[in-house]
1. Looking at region 169-181 only, could you name the residues that are over 12 Å from VAL107 (Cα atoms) and modelled with pLDDT of 95 or more?
2. Please enumerate the residues belonging to region 124-168 that are among the acidic types (Asp, Glu) and without any contact (Cβ under 8 Å) to a residue 60 or more places away in the chain.
3. Give just the number: which of (1) buried (at least 17 other Cβ atoms within 10 Å of the Cβ); (2) more than 22 Å from ALA58 (Cβ to Cβ) does GLN138 not satisfy?
4. Say we look at region 114-142 and pick out the residues that are hydroxyl-bearing (Ser, Thr, Tyr) and in contact with a helix residue (DSSP H, G or I) (Cβ under 9 Å, 6 or more places away or on another chain); which of these is modelled with the highest pLDDT?
5. Would you say TRP183 is of a type outside the set (Ser, Thr, Tyr) and in contact with a Leu (Cβ under 6 Å, 6 or more places away or on another chain)?
6. Might you let me know whether region 100-111 holds any residue that is outside any loop (DSSP other than H, G, I, E, B), of a type in the set (Asp, Glu) and either at pLDDT below 95 or surrounded by 22 or more Cβ atoms within 10 Å (Cβ to Cβ) (or both)?
Amino acid sequence: MRQDSATLTDFEAQECLQLAKDTSTSITVVITEDCTPQDEEEPFDIDGYDNQTLKPLAQARFLHQTAVQNDWLQPFHEDIYCGSTSLGAFVRNAGGSYCQTTNDYTVLRAVDALTPGAALTFSSRLVSMLMQWVCFDQKEINISYRPAIAVVDTIDDITTGKVVLPAGTTQCLCRQEHFILVWGASSDDVLEQASDLQIWLLRVGRDYVSHRSMTLESPMSIHRLEYFDDVETPIQTEQRHKAKLEPRDARL
């Protein structure tokens, strides 16, 4: 498997902390409802909407644009064969089929096999960074505060049943597709998971830049992301290591 060879610099890690600003984003999406694709080019403003009251089609668009604004749908930039067409959101309707914002039926079949209320393909540079640490034979990534992230070679393994995911699993890293599939009972559940996943990846990125071991504590709320008081900066880490190397008399 070819992995992202780019490493995350200190500047890029700090840049990752600047999540979506209050901007209105116009997106072009391909919506399919009851397996009937149709193209729409219409800006969708999520401000002022209560996601619970939206119909499945609108919820899918809501979930998609929220992901776009938070940089959760970034295509793998080094893979010329895998663009953004496989990335998107899925929301189950009353008939059991899915309203989706991607025309990739490979992903749709996997989502249909899992039968969640909603799903999202989570893809970013932080996922590329995480893949550098995943061993070729690793089956899961353990996190202390939630069920482990499953790891599969390709999303087809979910569709065909080649890989049986453990009970309670709601996130799966797909190596070939280079994204983490996140699913849950509702679009709000998926958004909450994606927010927690982003914060955990940012923590891992901080540790990666400062050359420390991975931090697996429970993440803080997305609304308090800018503080990060309990995670030291790379400069603080460097100062701490220098202090250990200095003679004790020099520090007095």
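The values are calculated or read from the model by the stated rules, or taken from the named source; none is laboratory data. For clarity, every value in this text was computed on a predicted model and none was experimentally measured. Cβ: placed from backbone, ideal geometry, glycine included. Neighbour counts: every protein chain shown.
1. Answer for region 169-181, where residues must be over 12 Å from VAL107 (Cα atoms) and modelled with pLDDT of 95 or more: THR169, THR170, GLN171, CYS172, LEU173.
2. Passing the criteria: ASP137, GLU140, ASP156, ASP157.
3. Single failed check for GLN138: (1).
4. Selected residue: THR121.
5. Values: of a type outside the set (Ser, Thr, Tyr): yes; in contact with a Leu (Cβ under 6 Å, 6 or more places away or on another chain): yes.
The answer is yes for TRP183.
6. Let us first name the residues in region 100-111 that are outside any loop (DSSP other than H, G, I, E, B), namely 100, 105-111.
Keeping just the survivors that are of a type in the set (Asp, Glu) gives none.
The answer is no; no qualifying residue exists.
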